[in-house]
Amino acid sequence: MAKQKQEQVNQTQPPLAISAKELAAILGVSLRHVCRLDEKKMLPKALWLGGSRKWLRKEIEAFLEAGAPDREVWEAIKDGGNYDSCK
């Protein structure tokens, strides 16, 4: 019964953290392209959970709404917008 209830929750709520494969599907690009974007620091920093690289879904949504800035700018925006573009 508890397993069935958990499956219902999983079907109604999107996951809080998404894999590179799921991120690729959301962005409409290949998995390799997501890996390249991450290597070039063009995505928010991923989390490592039990050996798996994940991104927070809400952070990805906010990142895209902000115009997909590079990681340095994104981290500054997250930290309160103290980004000096004249560096």
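Laboratory data are not the source of any read-out in this text; all were calculated from the coordinates shown. This is a predicted model, so every value here is computed, not measured. Glycine also receives a Cβ, built like all others from the backbone with ideal geometry; neighbour counts cover every protein chain displayed.
Quick notes
- Model label sites at Val29 and Lys41, defined 7 Å from Cα along the beta-carbon direction, differ in position by 1.7 nm.
- Segment Asp70..Arg53, full-extension length gain: 4.2 nm, with 0.36 nm per residue of separation and the alpha-carbon distance subtracted.
- Kirkwood hydrodynamic radius (C-alpha pairs) into Stokes-Einstein, segment 17-78, 10 °C and 1.306 mPa s, D in µm²/s: 137 µm²/s
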